[in-house]
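Quick one: the structure is below, and I'll ask about it shortly.
The values are calculated or read from the model by the stated rules, or taken from the named source; none is laboratory data. Computed from a predicted model, the values in this text were never measured in an experiment. Reconstructed Cβ throughout: ideal geometry from the backbone, glycine too, with neighbour counts over all protein chains shown. Accessible surface is based on the protein model in full, side chains and every heavy atom, while ligands, DNA and RNA are left aside. Shrake-Rupley method; radii C 1.70, N 1.55, O 1.52, S 1.80 Å.
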Amino acid sequence: MTTDNLANNQNNWTVTDSSGLYGLDRWGNNYFSINELGHITVNPNGQQSRALDLMELVKELESRNLKLPLLIRFDDILEDRLTRLHGAFEKAIAQYHYKGRYQGVFPVKCNQQRYVVEELIACGRRWHFGLETGSKAELLIALSLLSDPEALLICNGYKDKRYIETTILARQLGRQPIVVIEQADEVERIIAASQKLGAAPLIGIRAKLSSRSSGHWGSSIGEKAKFGLSVPEILTSIKQLRSSNLLHEVRLLHFHVGSQINDIAVLKDALQEAGQIYIELNRLGAPMGYLDVGGGLGIDYDGSQTATEASTNYSLQNYANDVVATIKECCEGKNTPMPTLISESGRAIASHFSVLLFNVLGTGSVPAEDPPPKHDEALIVQNLRGTLKYIQKIPKTSDVDSSKLQEAWNDAIKFKDDALTAFRLGYLGLPERAIAEQLTWACAKALVERLPQCDLIPEELKTLRYALSATYYANLSIFRSAPDTWAIKQLFPIMPIHRLNEKPNQLGHFADLTCDSDGKLARFIDNGQVKPLLELHKLKEAEQYVIGMFLGGAYQEVMGNLHNLFGSTNSVHLRLSYTGSYKLDHVVRANTKSDVLEAMEHDPEELLERLRIASEEAIQHGSLKISDAQRLMDHLETSLRESTYLHD
Ligand SMILES: *Cc1c(COP(=O)(O)O)cnc(C)c1O
């Protein structure tokens, strides 16, 4: 469905049309669908029977004073992602008769929020699901929360002495940390720490593969990658570890192709290369036992199933099959025991369960109404009126001659320029200039309504569509809540969560609350492509218009910042019951203005006190009444305790 089809009859519009238009049926993974009321429903384990109406939920949360913008976390979906991931590997292992297991870990950097990590550990216990850390702070979370002695704790990232010694001691605590050597100089530090403590860690080696890659994170692989050892470095490290009597602790080979692998062919190459390195390490005397294929399992954000940036040309099952089959083939060829397979899938686990909801505060667009004529209008204005009449007489048919439309537009532009010149020279007043502007936009609108539905129309006329589109003001900071849309131009599915049984007949984009021209959402999924405008509904009097951003559970929160001092939104963790009701497990209130001020070292109390003194002075000078001074202080004090977003 394209924007041109917006001309379809309003009455024929159904929720199925909405589902197709916004791609919900392609990216929703059965977690999201639309009910007959035209509301999005959430189906926690992909089954419609327990569907929860998202719009109803918003109303109920708002009546608990949990106002929009709001982040809702569906822990059932998080659990279902884990179940599907393990299910896919179990199926592949059975199908290929793989003689080994799968044992996953969650990369903490993907979402470090306490309740997310705790929930994953609780749900993952049945598979001894573990964690992966990339810093000492993340290590502390993992060591403390992960108490299952069989779960793995993969320790990546740059490592100093304290990081390494902590992992050695944690092994004695009964945990299973594996220190992955990412830089050649970490070998010396591991040897020194082991000698000092008289104990050794479990050791892994990260290989810098030379397989090609693509996509945004493609540079995570190849000779120039930030992490990993080249083949000569691997051989040197093995020698060093052998002579320090630590070779028997080398258990794991690790590689990471980069996040969001779009093309499965990239993974296959990497797997073959890593499989051979694994076998060689085993032959060199390392016991091995684990092959860690890193992260990178992608999300089909636009549902196009293509190797484009917002998509993947493979499914979860394809991924598991390729990992299992490729490693099996490598090991069988060389008579090496098949390793336990580990993946560090972050995005694939944590994306679906979070839904970000925001309301629209208002809309803005160019003034394209046709102002009523007055007598003795300037000739320039009359000319524009004539052009508009001429355009309006052109019939709206599919075989309209676009050169005729272009000519009319050239006239309109010429008259508008004349009007500007006349204004500059003082011959045209401000009200008449305003009328000239309105008439020019009215011409543009009339032209766009007559554009034929084909690509052969002149470029200039095509862009008129964008010029006439509306700006929807979003109660949101993209820098706080959707930073990757700005930082790396990532696409997320974005759509209204209600009125989906109504045809959306306004094209628009979103502008956020920050005073930054980059603070906007103006790139939308389009089945393998990107579109600059989204089909939206006209706002209704006294009714909220609620938009959802989906699949954003990975990376967004921690990457978000306090630009313009907009803080975190309200967030809730929710579990669904079998009766279709739900339970709020955790409520995390939005940052207050005090919170964000303190983050910048301001003391809210001190700020208030200065203002109190200033208002006393104003009272003394007679410029401020005592009652107004009190009202001002009340506003400021209340505001400090409230969130940073707009409320009615
Ligand atoms: C970031 C990262 C991951 C997670 O990648 P996803 O694409 O989110 O699965 C896994 N392993 C390492 C080493 C990483 O740096």
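Let me confirm something: among ALA200, ALA192, which residue is buried (at least 19 other Cβ atoms within 10 Å of the Cβ) and either within 24 Å of GLY104 (Cα to Cα) or free of Cβ contacts under 8 Å to residues at least 60 places away in the same chain (or both)? Please lay out each step first, then the result.
Details: ALA192 fails: buried (at least 19 other Cβ atoms within 10 Å of the Cβ).
Result of the check over ALA200, ALA192: ALA200.
I need the full set of residues from region 143-163 which are closer than 22 Å to TYR102 by Cα and within 14 Å of the ligand (Cβ to nearest atom), in order please. If you could, list the steps in order and put the result at the bottom.
Taking region 143-163 first, the residues closer than 22 Å to TYR102 by Cα are 143, 145-156.
Result: LEU152, LEU153, ILE154, CYS155, ASN156.
How many of the residues making up region 530-571 are touching a His at 6+ places or on another chain (Cβ under 7 Å), open to solvent by less than 10 Å² (accessible area, probe 1.4 Å) and away from the ligand (no atom under 16 Å from the Cβ)?
Qualifying residue count, region 530-571: 3.
Residues checked against (1) closer than 19 Å to THR440 by Cα; (2) within 16 Å of the ligand (Cβ to nearest atom); (3) modelled with pLDDT of 95 or more:
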| site | (1), (2), (3) |
| --- | --- |
| MET338 | no, no, yes |
| THR397 | no, no, no |
| ASN410 | yes, no, yes |
| ALA419 | yes, no, yes |
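Here's a follow-up. Which of the numbered conditions does ALA265 fail, given that it passes all the others? Conditions: (1) within 24 Å of SER315 (Cβ to Cβ); (2) within 13 Å of the ligand (Cβ to nearest atom).
Every listed condition holds for ALA265 apart from (2).
Follow-up. How about region 245-258: which of its residues are open to solvent by 20 Å² or more (accessible area, probe 1.4 Å) and within 14 Å of the ligand (Cβ to nearest atom)?
Selection gives HIS256 alone.
Condition check ((1) outside the structural domain of ILE178 (by TED's automatic domain parsing); (2) within 16 Å of the ligand (Cβ to nearest atom); (3) part of a helix (DSSP H, G or I)) across all residues:
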{"site": "ILE238", "(1), (2), (3)": "no, no, yes"}
{"site": "ALA274", "(1), (2), (3)": "no, yes, yes"}
{"site": "ASP300", "(1), (2), (3)": "no, yes, no"}
{"site": "GLY303", "(1), (2), (3)": "no, no, no"}
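So for region 217-225 (the condition being under 21 Å from CYS110 (Cβ atoms), in a helix (DSSP H, G or I), open to solvent by 50 Å² or more (accessible area, probe 1.4 Å) and in contact with a Ser or Thr (Cβ under 9 Å, 6 or more places away or on another chain)), does at least one residue qualify? Lay out the reasoning, then the answer.
If we filter region 217-225 for residues that are under 21 Å from CYS110 (Cβ atoms), which is where we start, we get 217-221, 225.
Next cut, in a helix (DSSP H, G or I) only: 218-220.
Subset that is open to solvent by 50 Å² or more (accessible area, probe 1.4 Å): 219.
With the extra rule that they be in contact with a Ser or Thr (Cβ under 9 Å, 6 or more places away or on another chain), the set shrinks to 219.
Yes, because at least one residue in region 217-225 is under 21 Å from CYS110 (Cβ atoms), in a helix (DSSP H, G or I), open to solvent by 50 Å² or more (accessible area, probe 1.4 Å) and in contact with a Ser or Thr (Cβ under 9 Å, 6 or more places away or on another chain).
Right, another one. Looking at (1) surrounded by fewer than 18 Cβ atoms within 10 Å (Cβ to Cβ); (2) touching a helix residue (DSSP H, G or I) at 6+ places or on another chain (Cβ under 9 Å); (3) within 28 Å of ASN359 (Cα to Cα), can you tell me which one TYR466 breaks?
For TYR466, the failing item is (2).
Which ones in region 250-282 are on the phi > 0 side of the Ramachandran plot and without any contact (Cβ under 8 Å) to a residue 60 or more places away in the chain?
Just the residues of region 250-282 that are on the phi > 0 side of the Ramachandran plot, to begin with: 258, 260.
Of everything in region 250-282, just one residue is on the phi > 0 side of the Ramachandran plot and without any contact (Cβ under 8 Å) to a residue 60 or more places away in the chain, namely GLY258.
Considering region 150-171 alone, what residues qualify as being surrounded by fewer than 17 Cβ atoms within 10 Å (Cβ to Cβ) and within 17 Å of ARG251 (Cα to Cα)?
Residue satisfying the conditions is GLU150 alone.
Let me ask something else about it. Which condition from (1) open to solvent by 10 Å² or more (accessible area, probe 1.4 Å); (2) within 29 Å of the chain's Cα centre (by Cα); (3) over 18 Å from MET288 (Cα atoms) is the one that ARG206 breaks?
Here ARG206 clears every test but (3).
If LEU140 passes every condition in (1) surrounded by fewer than 19 Cβ atoms within 10 Å (Cβ to Cβ); (2) within 19 Å of ILE349 (Cβ to Cβ); (3) more than 16 Å from the ligand (Cβ to nearest atom) but one, which one does it miss?
With respect to (1) surrounded by fewer than 19 Cβ atoms within 10 Å (Cβ to Cβ); (2) within 19 Å of ILE349 (Cβ to Cβ); (3) more than 16 Å from the ligand (Cβ to nearest atom), LEU140 is out only on (2).
Does region 312-320 contain at least one residue that is under 30 Å from ALA474 (Cα atoms), open to solvent by less than 10 Å² (accessible area, probe 1.4 Å) and in a loop (DSSP other than H, G, I, E, B)? Working first, answer last.
Initially, region 312-320 is screened for residues under 30 Å from ALA474 (Cα atoms), giving 312.
Applying the additional criterion that residues be open to solvent by less than 10 Å² (accessible area, probe 1.4 Å) yields 312.
From what is left, the residues that are in a loop (DSSP other than H, G, I, E, B) are 312.
Checking region 312-320: at least one residue is under 30 Å from ALA474 (Cα atoms), open to solvent by less than 10 Å² (accessible area, probe 1.4 Å) and in a loop (DSSP other than H, G, I, E, B).
To continue, here is another question. Among the listed residues GLY100, GLY124, identify the single one that is buried (at least 19 other Cβ atoms within 10 Å of the Cβ), away from the ligand (no atom under 14 Å from the Cβ) and either of a type in the set (Phe, Trp, Tyr) or at pLDDT 95 or above (or both).
Just a single option satisfies the conditions, and that option is GLY124.
Inspect region 341-356 for any residue being surrounded by fewer than 21 Cβ atoms within 10 Å (Cβ to Cβ) and more than 14 Å from the ligand (Cβ to nearest atom) and give the result as yes or no.
No, every residue in region 341-356 fails to be surrounded by fewer than 21 Cβ atoms within 10 Å (Cβ to Cβ) and more than 14 Å from the ligand (Cβ to nearest atom).
Select from region 29-48 the residues that are in contact (Cβ under 8 Å) with a residue 60 or more places away in the chain and not hydrophobic (A, V, I, L, M, F, W, C) and list them in ascending order.
The first filter runs over region 29-48 and keeps only residues in contact (Cβ under 8 Å) with a residue 60 or more places away in the chain, leaving 29, 31-32, 34, 36-40, 42, 44.
Once the filter is applied, which keeps residues that are in contact (Cβ under 8 Å) with a residue 60 or more places away in the chain and not hydrophobic (A, V, I, L, M, F, W, C), region 29-48 yields ASN29, TYR31, GLU36, GLY38, HIS39, PRO44.
Okay, moving on. Would you confirm, using the coordinates I've provided, whether ARG242 is more than 16 Å from the ligand (Cβ to nearest atom), farther than 30 Å from ALA320 by Cα and touching a residue at least 24 places away in the same chain (Cβ under 8 Å)?
Numbers: more than 16 Å from the ligand (Cβ to nearest atom): yes; farther than 30 Å from ALA320 by Cα: yes; touching a residue at least 24 places away in the same chain (Cβ under 8 Å): yes.
Yes: the conditions hold for ARG242.
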